[in-house]
Structure formats: structure tokens, C-alpha cells
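The values are calculated or read from the model by the stated rules, or taken from the named source; none is laboratory data. Fair warning: this is a prediction, and the values are worked out from it, not measured in the lab. With ideal geometry, Cβ positions are generated from the backbone for all residues, glycine too; neighbour counts draw on all protein chains shown. The area values use the complete protein model at the heavy-atom level, side chains included, leaving out ligands, DNA and RNA. Shrake-Rupley method; radii C 1.70, N 1.55, O 1.52, S 1.80 Å.
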Amino acid sequence: MTRTIIAPSILSADFSRIGEEIEAIDRAGADWIHLDVMDGHFVPNITFGPPLIKAVRNRTQKVFDCHLMIEPVDGYLAAFADAGCDVITVHAEATKHLDRSLQAIRDLGKKAGVSLNPSTPESVIEYVLDRLDLVLLMTVNPGFGGQAFIPAVVDKVARVKAMIGSRPIDIEIDGGVTVDTAPLVAAAGANVLVAGSAVFKGGSEAAYGANIAAIRAASDGATKRAA
């Protein structure tokens, strides 16, 4: 059984010591580092851009999982690739030419992901599946951390899993992931979980490690039972 990939979102980290926080979650057992990029236009919040990502890239060898909540997006893909992102995910709702955006990411030598808001049907990715390395399903409305999980998305996970079939595409969940909600999406087919406040609560490396281990154990157990 493949173990669940845990991708802590640095949106919930202490930004006054962001480099140290990334090192701490790396040592604490994070598999990927999730970077929530927001522009104040596509979503009602502003976070950070390529300069910060580039500045902290040397703090870890872990995968930089970049979630672009920005519109327009195509003109910025190269900057995020150059900053050191390994997976670049764009929102289907933020680009008129999704196939072209995904091709552009792959042409930059990066893995290509697409994200869907809770109300966006999974049918929008039907014709780009062969361009994808990852599908990110939002289980909250994007823009802020700490929101409540939307249960209706669990069935959507299962539908996306069926749509993907045997293709080697990761299914990632972002929003409201906790030890209680992780098993629901894992059993439905998700294998990458983004967690912000659920990982960073406690404020210490030991707490981060315990939080990551608890989420992974809950999701791995659900995956095993569902198999």
C-alpha cells in the first residue's frame, strides 16, 4: 500500500521565521511543502510570490507543491518554475485555455496540476487527463486558511478517481484536512493531503511531527480498509 503524502501548507506557518518553519516541518516528516499563492483578485487574499519561494528553496530538498490561486496565470508560470516549484497547479476557473496552460507547465519541465473549486464539476478535466500529473480538489472555498471542510466533495473525489482510471495522476485535497476528515477523502481515493492549521498547531517541531503522523495514520488506515 502506498503511504499518503502529507503536504503541510506554509500559509499556517509563522511567517517571521518562514525558513526555519520549513526546515522544521521537513524534519517532522512532511513529504511535500505546499505553497498557497493568492493574488487578491482570483481569491480574496494576498500571500506571496516567486521571490519568497526562491528565497526558501534552499531550506529543503522536499517537493515544492505550488498551488496558484491567481488570474491570469499563464504569464507567471515561468517565474514560479524558475523559483524552484516542482509541481505547479492552476485553477480550471482561472484560465480560458486549460490545455495550453498545462502544456506550458510541462514544457517548463515541471509536473502539471489542475485545481477545482468545490462547485466546479469534475467534467471540466475530462479532456485534459493526459496532460495531468495531479488533480487538486478544494474542500473549502479558496482564499483563506482555517475553513470548515465541505463534505459534498468526498463523492467528487471518488468520481475523479474513477475518471482517472489507471493513469498515474495524484489526487490532492486542500481545505479543512484534519485527523477526522482525512480518512473520508483517503477512502474515496485521495493520496495527497494538504494541511495547514492541523499541522502547525502546537508551534513546535515535536508538535508538527505528532500532527503529521496522526493525519497520515488516519488516512493510511482508511485507504487500507477501502482496498
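Quick notes
- Segment 100-143 and segment 152-227 have Cα centres lying 18 Å from one another.
- One way to sum up the overall shape of segment 187-227 is the equivalent ellipsoid from its Cα gyration tensor, whose semi-axes run 23, 10, 5 Å, largest first.
- Placing +1 on each Lys and Arg Cβ and -1 on each Asp and Glu Cβ, with no other charges, gives the chain a dipole about its Cα centre of roughly 440 debye.
- Which of Gly40, Leu102, Gly221, positive extreme of dipole for the chain (C-beta unit charges): Gly221
- Within a Gaussian network of the chain (alpha carbon springs, distance under 10 Å), most fluctuating of Gln147, Gln61, Gln103: Gln61
- Matching label, Cα extents along the principal axes in Å computed from the structure shown, candidates (1) 44, 42, 30; (2) 54, 48, 30; (3) 46, 37, 34: (1)
- Per-residue [θ]222 nm for the chain (sum of -39500 (n - 2.57) over DSSP H runs n ≥ 4, rounded to 500): -10000 deg cm²/dmol
- Label-zone membership for segment 43-67, site Thr2, 7 angstrom Cα→C-beta point, backbone N under 19 Å: 62-66
- Top of Val140, Val160, Val124 by mean-square fluctuation, Gaussian network on the chain, Cα under 10 Å: Val124
- Reduced Cα scattering model of segment 124-227, Debye log10 I(q)/I(0), q = 0.15, 0.16 Å⁻¹: -0.62, -0.69
- For segment 89-216, size of Cβ-based charge dipole, Lys and Arg +1, Asp and Glu -1, in debye: 120 debye
- In the chain, Cα pairs under 8 Å separated by at least six residues give a relative contact order of 21 percent.
- Using Cβ point charges alone (K and R +1, D and E -1), the dipole size of segment 96-136 about the Cα centre works out to roughly 200 debye.
- Modelled this way, with points 7 Å down the Cα-to-C-beta line, the labels at Ala148 and Arg27 are 3.8 nm from one another.
- Cα→Cβ-extended label distance, 7 Å offset, between Ala227 and Ala210, nm: 2.9 nm
- For segment 28-94, the alpha carbon convex hull comes to 88 Å³ per residue, rounded to a whole number.
- For segment 7-58, the solvent-accessible area works out to 41 Å² per residue, with a probe of 1.4 Å and every protein chain left in place.
- Scoring 177-190, 69-82 by mean Cβ neighbours within 10 Å over their residues and listing the highest first yields 177-190, 69-82.
- Ranked packing of 29-40, 112-123, 47-58, 86-97, most packed first, by mean Cβ within 10 Å: 29-40, 86-97, 112-123, 47-58
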